[in-house]
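Asks: Could you have a look at this structure, given as structure tokens, before my questions?
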Amino acid sequence: MKDNISRNLTQLHGRIADACEEYDRDTDDITLVAVTKTHPAPIIKTTVAAGIHNIGESRIQEAGPKLIEVGPIACFHMIGHLQTNKVKQAIELFNVIQSVDSLHLAEEINRRAGELERAIECYLEVNCSGEDAKFGVAPQECLKLVEQVNSMTNINLTGLMTVGPHTDDEEAIRAAYGRCRELFKQGRDIVGDEFDTLSMGMSDDFPLAIAEGSTMIRIGSAIFGLRQ
């Protein structure tokens with residue numbers, strides 16, 4: 001598995017470089033988050049040893065034991081839907097919560113972070129595809145939520161996250177990502193220069209996300225193979 005991860009990462013870095021060349025982007029502007037959900041703790045250690053310093057997990061119940069086992073060896077990103085009753089655990093486990101999708105959730109994160117006497121980095125998740133099955137604040141409500149969350153003492157709001165539409169239609173994918181890019185630009189006008197992360201793009205569509213301005217891609221199967 002270790003050799004497979006190293007080989008896949010080499011291929012992935014090549015594909016990222018190709019996309020950046022095609023769409024006139026700088027590879028240094030793209031942060032790679034390796035999504036290790038369903039994979040055991042030793043895989044996280046192997047991935048970090050291979051030079052990846054951002055790790056994404058989706059479920060608190062699964063991530064907790066793994067992240068406690070490996071310790072603070074990377075920047076850990078919560079990328080899945082977060083229920084309010086799991087917020088305290090999320091703040092204790094993760095460095096970044098990418099999936100803030102409501103004022104109610106943000107208020108709970110702010111409250112719990114205050115109790116723990118820390119500030120937590122967060123992104124707002126936006127449903128730019130309009131698909132009912134996806135989480136995220138509606139695009140037309142995004143900037144209002146940016147203003148509300150930006151005023152919270154114990155949240156450092158630094159970006160937006162979205163999941164692309166479930167389709168092979170490249171125009172539809174790029175349209176959704178382009179919509180998030182425009183919201184990101186407007187959000188930066190509200191928050192300031194620290195609002196610097198646009199997290200969009202996964203294994204199947206990250207070149208299109210890079211084309212539309214993504215600064216962070218979340219990659220699982222292209223590194224670890226298809227989940228069982």
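Asks: Which one is nearest to Met216 (Cα to Cα) among residues in the range 137-162 that are assigned to a loop (DSSP other than H, G, I, E, B) and touching a helix residue (DSSP H, G or I) at 6+ places or on another chain (Cβ under 9 Å)?
Replies: Here the residue is Thr162.
Asks: With the checklist (1) assigned to a loop (DSSP other than H, G, I, E, B); (2) surrounded by fewer than 17 Cβ atoms within 10 Å (Cβ to Cβ); (3) in contact (Cβ under 8 Å) with a residue 60 or more places away in the chain in hand, flag the one item Gly51 doesn't pass.
Replies: The single condition Gly51 does not satisfy is (3).
Asks: Okay, moving on. Taking Asp132 as the residue in question, decide whether it is modelled with pLDDT under 95, under 24 Å from Cys180 (Cβ atoms) and not basic (Lys, Arg).
Replies: Taking the combined requirement at face value, the residue satisfies it.
Asks: On the basis of being small (Gly, Ala, Ser), within 18 Å of the chain's Cα centre (by Cα) and at pLDDT 95 or above, does Gly114 make the cut?
Replies: No, not satisfied.
Asks: Across the range 22-40, which residue is surrounded by the fewest Cβ atoms within 10 Å (Cβ to Cβ) among those that are β-branched (Val, Ile, Thr) and under 13 Å from the mean Cα position of the chain (by Cα)? Write out each step before concluding.
Replies: Taking the range 22-40 and keeping what is β-branched (Val, Ile, Thr), we get 27, 30-31, 33, 35-36, 38.
Of the ones still in play, those that are also under 13 Å from the mean Cα position of the chain (by Cα) are 30-31, 33, 35-36.
Values: Ile30: 20, Thr31: 16, Val33: 26, Val35: 25, Thr36: 28.
Selected residue: Thr31.
Asks: For the range 161-190, which positions are in contact with a Gly (Cβ under 9 Å, 6 or more places away or on another chain), β-branched (Val, Ile, Thr) and under 27 Å from Gln148 (Cβ atoms)?
Replies: Scanning the range 161-190 gives Thr162, Val163.
Asks: On to the next question. Only residues that are more than 15 Å from the chain's Cα centre (by Cα) and part of a helix (DSSP H, G or I): list them for the range 205-222, please.
Replies: Narrowing the range 205-222 to residues more than 15 Å from the chain's Cα centre (by Cα): 207-208, 211-212, 221-222.
Residues satisfying the conditions are Pro207, Leu208, Ala211, Ser221, Ala222.
The values are calculated or read from the model by the stated rules, or taken from the named source; none is laboratory data. Fair warning: this is a prediction, and the values are worked out from it, not measured in the lab. For neighbour counting, all protein chains shown are included, and Cβ atoms are generated from backbone atoms with ideal geometry for every residue, glycine included.
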